[in-house]
Every structure is written in C-alpha cells, then in structure tokens.
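As structure tokens, the structure follows; a few thoughts come after it.
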Amino acid sequence: MTVFEKSGDIGGRLATRRRAGGFWNHGAPAMEARTPPFVDFLQDLEAHGSVRSFANLLYDEDAAAPGLLWRGCPDMREALRPLQTGLDIVFRAEISRLERRNGRWLLASASGDIHGPFDALILTPPAAQARALLTRSGLPAPWLSEDVLMHPCWALLLGFENSGSGIQRAGTSDVVARVASGGALASSEPGGFAETWVIHAQPAWSRAHLECGREEIAELLLGDVARQLVRTSGREARLQPAYVSAHRWRHARTLQPLGTSHIWLEDQRLGIAGDWCLGATAEDAFLSGRALAEQILGRSAALRTVA
C-alpha cells in the first residue's frame, strides 16, 4: 500500500503547529465518538498512548461514549501515528494528474514524477479538490455531486509569555466562532509560552476574507477578540501576544455532505472517501474510509496496492 500525502505529515485537519516554546492544535481541537466502531478505534489508539480521553462538558446521552472526548497525546498531530507503521508514505507529493492505462493507474506528481502502475486508486481529498483532479485528468465524474459544500476557516495562533491574558473570556461574535486552548501549557520548555490559544473564525467571515493576507487576518481577528473582551469585562483589553500567526483552512467543515458513505467504481477500480461524504467530523472521515475499505476488501481480497 502506497500513500501519497500532499503535506509533510499525516493527520490532515488533526493538525498541530509547533514552534520553539509552544504548540497549537489549530485544526480539530478534539474528537468525539458517537458510534461503537469509532469508540473502539479511539480506545485502541489510547492503548498505544497516542490519544487520551477526557471529560466532555457538553454531555451527550446519545453518544456511544457519553461524556468523553479524545485528544492527541501529546498533540493532535500524534493521534494517528500508530497507523503509520507498515505503510509506504510519500510526503510532500502533490498528485496533479491521473491516467488509467491497461486497466491500472498511473499518477503524475506536480514535480513531474510518475508513480505506478497501481491496481486501484483511492482519493481522499476534499470534494472540490477531487473533482478538480479528475477533471484535469479527463475523467468525468458526474457521480461526484457539485452540491457538496465545505466551509473555509481562518485560524489565529497566539502565544503569551505570561499567564492571565483572559482571552478565553472573549466569547463568540460574528467574526470569532471559537477560542480554544492551543494545547498543553508549554511553560515547562525553556523559553516556553505560559499560554497558547487558537481562534477559529466564523465560516461566513472566513469565506468573505478567504484571499486576504495572513497579517491582515491576524490584525482583524485580534482586534475583534479585544473588542469582545471589552464588552464582557467592561474595561480596556490589552492583548500583547509574543507569537501571532494565521493559518487558512480552505476546506475546513462540511456544509452539505454527499449523503453516502463513499464511492466505489468497480469497473475503474476507483474509490473516493472523506468526512464530507457523511458530515464534518473525524468520525465521519473514519466511517467513510472504513466503509470503502470493507467494500474493496470484500470484493478483492487480493488487492495489493492503493494510492
């Protein structure tokens, strides 16, 4: 099995930014499990030490594991690390074109390298990127509905040298959707930040400012947080972070899912999966990939290579 990963690490939006003195879980801050298969999966990861469960203050009686959330240990980037064992993963490999030749798949990377041939192909990028790749490759995909929509999200990463910034009291607004701890306190590291925070912007605001520069985004989001603190505390807020960085998630959260767990075209040996098939969570991504894998393995136990 060969995996081609556009970024430099596994996990996608289960992401962590690390800099000297701190880290920020700037994608999904935690994972919730509502189905027994995903609970079992997370418990296996917890046994490996790559995730840790903790109390969910928003208790949900309908969840398969009510009262629990899971977070990567020590950070979200490490959550899926046990799954990397035994896989051939090619990092920083952006696949730009696909070709079906003699019943097998060839993959061309943006750098000009050709990979393959492969017996079957599985695509797991966001729906818009999957459609674009298939279109560039001259492979019509009428079954991949254009109605699938995903929100963008701007994230602001902040690091404070001293504790007591009070930023967690800012609350939400038309601009800010969530203010969350960036991760564990990093003060145990030499020169570490006392606090790290991640601010996620609202979907509509992120869409309206999608092509703005990172510095402008940081200034706008920080300004909105300061205004919210004035409203909640009744006094002037002076936020002076020592570290400020903005990150754009172009395809962050599903607005309109595909409505089916996956796509598998037996005649082309082509599969497509992703959270956007079912919803917007890590659990949706897991259930989508699991359903596709079960269908492929059920029809072809001899399948050897997946790209």
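The values are calculated or read from the model by the stated rules, or taken from the named source; none is laboratory data. Every value quoted in this text rests on a predicted model; they were computed, and no experiment measured them. Note that we place each Cβ from the backbone using ideal geometry, even for glycine, and neighbour counts take in every protein chain shown.
Some points to look at:
- Scope region 94-113; condition hydrophobic (A, V, I, L, M, F, W, C) and at pLDDT below 95; matching residues: Ala110
- All strands (runs of 3 or more DSSP E) inside region 40-100 with 1 or more residues being under 28 Å from Leu270 (Cβ atoms): 88-91
- Residue check, Ser206 of a type outside the set (D, E, K, R) and at pLDDT below 95: no
- Qualifying residue in region 3-12 (condition: on the phi > 0 side of the Ramachandran plot and at pLDDT below 95): yes
- Of the residues making up region 80-120, those that are hydrophobic (A, V, I, L, M, F, W, C) and closer than 30 Å to Asp44 by Cα are Leu80, Leu83, Leu87, Ile89, Val90, Phe91, Ala93, Ala120.
- Looking only at residues of region 75-103 that are in contact (Cβ under 8 Å) with a residue 24 or more places away in the chain and of a type in the set (Lys, Arg), we find that the one that is nearest to Arg253 (Cα to Cα) is Arg77.
- Residues in region 1-58 that are of a type in the set (A, V, I, L, M) and within 20 Å of the chain's Cα centre (by Cα): Val3, Ile10, Leu14, Ala15, Ala28, Ala30, Met31, Ala33, Val39, Leu42, Leu45, Val51.
- Where strands (runs of 3 or more DSSP E) fall wholly inside region 102-179, the ranges with 3 or more residues that are assigned by TED's automatic domain parsing to the domain that holds Cys212, within 25 Å of the chain's Cα centre (by Cα) and buried (at least 20 other Cβ atoms within 10 Å of the Cβ) are 149-160.
- Check on Leu270, modelled with pLDDT under 90 and either over 20 Å from the mean Cα position of the chain (by Cα) or not assigned by TED's automatic domain parsing to the domain that holds Glu215 (or both): no
- Scan of region 7-28 for residues that are farther than 19 Å from Arg253 by Cα and part of a loop (DSSP other than H, G, I, E, B), ordered by number: Gly8, Asp9, Ala20, Gly21
- When Leu210 is tested against (1) assigned by TED's automatic domain parsing to the domain that holds Ala110; (2) in a loop (DSSP other than H, G, I, E, B); (3) surrounded by fewer than 18 Cβ atoms within 10 Å (Cβ to Cβ), exactly one condition is not met: (1).
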